[in-house]
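Please read the structure below before turning to the comments.
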Amino acid sequence: MTLHYGIMGAASIVPRFIAGVAASKSSKVVAIAARNEKRAQKMANDWQIATVYPDYQTLCAAPEIDVIYIPLYNRAHFNGAKLALENGKNVLLEKPFTLFADQARSLFKLAAQKHVFLMEAQKAAFLPITQQVKALVTSGKLGKIHYLDSQSSHAGAATIPWFNDLASGGGAFYGSAAYPLDYLQVLLGSAGITGVTGQSIHVGNESDRQASALISFDSTLASIFITSTFDLASQMVIHGTKGKIIIPNFWKTDHAFVTLNDQPTKRLAVKQQSEFSFEVDHVATCLQKGELVSPIMTPEITIQTCQIIETLYRKWYINYDQLMR
């Protein structure tokens with residue numbers, strides 16, 4: 001059975017997601033809707049999408065759609081997902097899942113009540129390279145994991161119209177922290193986090209341009225640095241007592257470098273047509289099994305990531321509640 005996707009919005013990520021669905025073994029995009037109907041129509045023409053709906057409500061009510069993919073601007077995630085869930089649709093919601101942890105809890109509760117599937121669209125969790133990295137970590141081949149270092153650059157993000165507006169979900173940390181935070185929990189588990197600290201650089205009430213966080217597990221530290229102001233080699237480095245793994249562009253990569261003890265560095269590589277296809281196939285597998293949540297990209301991981309991000313922003317902006325109204 002082929003799953004039929006409807007897309008809520010015509011953001012710049014959408015063509016890449018459509019290509020990922022096309023590369024999957026399980027799914028097809030059949031409809032799209034956007035606030036700008038002309039933009040939605042152009043995307044439909046470019047990607048051979050059968051139906052353009054005039055608004056989100058009509059999209060969510062369409063009987064031929066099995067799953068709604070939501071790549072709206074960050075603040076609109078909650079309302080968009082709520083609308084789809086209330087209409088009985090399965091939902092794949094882009095990161096950051098929601099701006100507030102309570103919103104994330106509310107959506108998972110609603111999905112359970114409606115008996116539909118809900119998952120954060122965190123493609124990194126399902127990459128073949130990620131699975132190989134996790135196997136190395138859990139097998140003990142790297143020894144005891146003591147430190148993980150994540151750095152990522154999204155230079156030019158400030159050109160996005162709403163990026164400087166914190167209330168819209170703008171900012172370096174809101175925009176990209178879910179990648180490393182989710183990744184760490186996929187590798188090490190969500191229950192082991194024992195502490196979080198962080199700093200940001202921002203001007204007045206504008207959103208942050210750079211941010212860092214230090215995440216402590218029982219016996220492991222993880223450092224996260226995110227910038228939108230300059231180019232930087234984006235990567236995750238995992239340090240163990242028996243070796244290390246370097247994962248360039250860890251959220252979308254098809255390769256990684258493993259060094260064990262004094263052995264020569266080994267390059268892991270996987271051919272992939274699209275980094276999105278694996279999460280799409282995972283959604284299909286979950287639905288075939290009747291699962292309402294992912295056993296990999298779990299609600300616990302998503303909610304904890306939302307909570308960490310919200311907690312740090314509350315520390316960075318003393319008038320956070322007022323700004324986020």
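Data overview
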quantity: Shape category assigned to the range 77-139 from the gyration tensor of Cα positions, a/c cut at 1.5; calculated: prolate
quantity: Degrees between helix 299-316 axis and first principal axis of the chain (Cα, 0 to 90, nearest 10); calculated: 80
quantity: Relative contact order for the chain, counting Cα pairs under 8 Å that sit 6 or more residues apart, in percent; calculated: 20
quantity: Qualifying aspartates and glutamates (Cα of each under 15 Å from Cα of K114; at least 8 residues distant if same chain); calculated: D66, E86, E291
quantity: Sum of side-chain charges, Y73 neighbourhood, beta-carbon under 12 Å (Lys, Arg +1; Asp, Glu -1); calculated: 0
quantity: Net +/- balance of residues flanking N261 in space, Cβ distance below 11 Å, scoring K and R +1, D and E -1; calculated: +2
quantity: Value at 222 nm in deg cm²/dmol, rounded to 500, when DSSP H runs of n ≥ 4 in the chain each add -39,500 (n - 2.57); calculated: -10500 deg cm²/dmol
quantity: Summed side-chain charge close to T305 - residues other than T305 whose Cβ falls under 10 Å, Lys, Arg +1, Asp, Glu -1; calculated: -3
quantity: Whole-Hz couplings from phi, Karplus 6.51/-1.76/1.60, listed for the range 73-86; x for Gly and Pro; calculated: 5, 3, 5, 7, 4, 4, 5, x, 5, 4, 4, 5, 5, 5
quantity: Computed lengthening from D231 to N36, 0.36 nm per intervening residue step minus Cα-Cα distance; calculated: 67.0 nm
quantity: Distance between the range 213-266 and the range 6-56 - C-alpha centres, whole angstrom; calculated: 34
quantity: Estimated inter-spin distance, D254 and K141, nm [label 7 Å along Cα→Cβ]; calculated: 2.1
quantity: Neighbour-count ranking [beta-carbon atoms within 10 angstrom, fewest first] of S207, S219, S228, S212; calculated: S219, S212, S228, S207
quantity: Computed label-point distance, nm, for sites N45 and D102 using a 7 Å Cα→Cβ extension; calculated: 4.5
quantity: C-alpha long axis of helix 277-288 to longest principal axis of the chain, angle in °; calculated: 70
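Just so you know, all these numbers are worked out from the coordinates, no wet-lab data involved. Small disclaimer: the values here were computed from a predicted structure and weren't measured. Backbone-built Cβ (ideal geometry, glycine too); neighbour counts: all protein chains shown.
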